[in-house]
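First up is the structure itself, then whatever we jot down about it.
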Amino acid sequence: MQVVKRDGRSVEFDSRKIRVAIGKANAEVAKKERASEKDVDSIIDYIESENKKRILVEDIQDIVEQKLMERGKYNLAKTYIIYRYSRALVRKANTTDESILSLIKNSNRDLMEENSNKNAIAAATQRDLIAGEVSKDLTKRILLPEKISKAHEEGVLHFHDADYFLQPIFNCCLIDIGNMLDNGTVMNGKLIESPKSFQVACTIMTQIIAAVACSQYGGQSVDIKHLGKYLRLSKEKIYRHIVDTCPNLSQEEIAALSADRLQDELRSGVQTIQYQINTLMTTNGQSPFVTLFLNLDESNEYIEENAMIVEEVLRQRLEGIKNEKGVYITPAFPKLVYVLYEHNNLSGGKYDHITELAVKCSAKRMYPDYISAKKMRENYEGNVFSPMGCRSFLSTWKDENGNYKFEGRFNQGVVSINLPQIGIVAKGDEKVFWNEFDKRLQLCYEALMCRHESLMGTKSDVSPIHWQYGAIARLKKGETIDKLLEGGYSTISLGYIGLYEVTKLMKGVSHTDPKGEEFAMRVMQHMRDKTDEWKKQTGIAFGLYGTPAESLCYRFARIDKSRFGTIEDVTDKGYYTNSYHVDVREKIDGFAKLEFESKFQQISSGGAISYIEIPNMRHNLEALREVVKFIYDNIQYAEFNTKSDYCQVCGYDGEIIINEENEWECPQCHNKDHSKMNVTRRTCGYLGENFWNVGKTKEIKSRVLHL
């Protein structure tokens, strides 16, 4: 007989545990109240006579209590119940001690490597991580319904960002930066008025970014087009100053001098953005997780100024930022997203020269990502807008005047479903699959509603920069944010992992095979239909989100391998594929991959990005140009990866070696810090997160080369 424990694990029935429990209760009562050995044997015989293949541990305890009562052992039954209750309290006791102490001792590898943007050794970061462990513990034990906590632990779903769930804060947003710059804002109780120059606008923007990052846990995005106005103000200010101070200069001389000084201000302003973002530290111990939206929208009256700003942003990103060794490296932030329009898609448009610069930047620095305005308009009712910092997209929403609005909106949170696990449980039976799928989607819905309900009633005072001073809204002090959580203003996301694997499990083929594609599209559409149904029921804008979560791909695969064993082409790889992506080992060229995945982006409107790998991008600009052209006509959102080795310490652009100690080592500067080098995956080209077994260097070579 298998006993199902509270955490979902199954163990062999062990009668000794019943004897021990009753024995401890016997010791607490008078001799005449105790159960005899015969009584205990009788209770155990009764449980075994049920002949059940599986029985819940709670059912066994209920039977023990019932049988003791039948024998008139009331005090003993009461004592047993108290013992059972005290054991439940022990199970619910604080579980953070070990994880926190191991973090302080720098031995908690899972926690330290969970977020590559955080330096888990730094004191400020450790404070945030410690608080996160407390939040996760309280979330698991108290805040979430037990069935959702259990589903998370079993890998049925993933309740994202539990380390921040204790507080009434949300995921990610599009800052209403135009509103804040034009109408002023308040930070730390000080009024910040509308700037009068480009340089000051850039400084204020980075201060806003830092303040926003301190009161949310996900990414943020800002549209650079709002800076064009201030570059023109600087242009006019510089021109007037030269005319007033140098009246004898000719118009040509004034124009040349004005242009030169404006270029200096442009360079300094963009440098301010880049260096402020990378040197400011938020309260969670990292640089702000921010995306700059490089948007050459011709309908904007400041398009010429915006073109100058975007060009300068790309120039400075191409150059990079110096590290502590004085070597130019690629900063993690800000992320860059470049929009391809008719006028800059490398087909003879006015701004093609800026796209050429973007391509060079992609070849050297892996950014920017690319959005096709053409395809995005098809998917979002003619609109073009930035993804949020975490690459999720808002749904369309109109204000009371019928105008579309995207900036100043946000995402409440994310829960992701483990698709391969449903396929494993179904064992190829579609009836079982769809039934189980719906049960698990219902769990995801309930988990997402926990996120929504935790934010309801939140007062604007929780984060004035968001709710009172324009990043999201301009609510009154003491006013709740409830109206921004409903009516589709903000979104909430259902993520998903492993469409390739679940198709393989159910159909025996990849989702790139026609037979598999038909099934995969039904799975995708079913999730989309569910989110649409939830939106209709609640008024909350649920979105289907292609989660770009490499660590979650590992977590789900690791849990399933532990629970269900090694399954060929599923759990044997050690990871699942992200969302709808084509498996990295499939023989498919980049153009076909993007064209195929674009079908899924249309359904996954709450967030989608596709990747294409180009070997040796630094020396393959023509291939990059062709891909950029292809992106414009075929897919909404894509980015590049590469197979080139690169040392971030010394700038070495060649093959990173494995030394005699089985460690990665730069042959030029002998850097051995794997976090500061890009290393080729030499066997299959997998481009997910590296698994570095720190402290066990003998395993590094075999693990990485096996990938």
Using a 1.4 Å probe, what is the accessible area per residue for the chain, in Å²?
-> 44 Å²
On the protein heavy atoms, probe 1.4 angstrom, tell me the percent of accessible surface of segment 397-543 carried by carbon and sulfur.
-> 48 percent
Among the trypsin sites (Lys or Arg not before Pro) in segment 462-533, which ones are in a DSSP loop with at most 13 other Cβ atoms within 10 Å of the Cβ? Mind listing them?
-> 476, 477
Dipole size in debye (nearest 20) for segment 428-570 around its Cα centre, Lys and Arg Cβ +1, Asp and Glu Cβ -1?
-> 460 debye
Taking Cα atoms only, helix 550-564 is inclined relative to the longest principal axis of the chain by an angle, in degrees rounded to 10, of 20 degrees
Please work out the C-alpha center-to-center distance from segment 304-343 to segment 398-447 and express it in whole Å.
-> 35 Å
Report, to the nearest whole %, how much of the accessible area of segment 177-235 belongs to carbon and sulfur atoms, 1.4 Å probe, protein only.
-> 51 percent
The farthest towards the positive end of the charge dipole of the chain, of the residues 281, 564, 548, given +1 on Cβ of Lys and Arg and -1 on Cβ of Asp and Glu, is 564
In segment 346-407, taking the dipole from +1 charges on Lys and Arg beta carbons and -1 charges on Asp and Glu beta carbons about the Cα centre, the listed residue (354, 402, 389) farthest towards the positive end is 354
Over the Cα atoms of the chain, what Rg and Dmax result, in angstrom?
-> 29.1, 116
With a 1.4 Å probe and every protein chain kept in, tell me what percent of the accessible surface of segment 304-385 is carbon plus sulfur.
-> 48 percent
At the level of C-alpha centres, the distance separating segment 190-269 and segment 555-574, in angstrom, is 54 Å
Given a cut-off of under 8 Å on Cα pairs at least six residues apart, what relative contact order in percent is computed for the chain?
-> 11 percent
When DSSP beta bridges are limited to those with both residues in the chain, what percentage is antiparallel, rounded to the nearest 5?
-> 40 percent
Gyration tensor on Cα atoms of segment 353-429, a ≥ b ≥ c root eigenvalues, a/c under 1.5 rounded, else prolate if a/b beats b/c, else oblate, says oblate
To the nearest 20 debye, the chain has a Cα-centred charge dipole, built from +1 on Lys and Arg Cβ and -1 on Asp and Glu Cβ, of 2180 debye
Quick one: angle between helix 251-279 and the longest Cα principal axis of the chain, in degrees between 0 and 90, rounded to 10, please.
-> 10 degrees
About the Cα centre of segment 264-380, what is the dipole size in debye to 20, counting +1 per Lys and Arg Cβ and -1 per Asp and Glu Cβ, all else neutral?
-> 640 debye
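The values are calculated or read from the model by the stated rules, or taken from the named source; none is laboratory data. For clarity, every value in this text was computed on a predicted model and none was experimentally measured. Quick reminder, even Gly has a Cβ in these numbers, built from the backbone with ideal geometry, and neighbours come from all protein chains shown. Just so you know, the surface numbers come from the protein's heavy atoms only, side chains and all, with ligands and any DNA or RNA stripped out. Shrake-Rupley method; radii C 1.70, N 1.55, O 1.52, S 1.80 Å.
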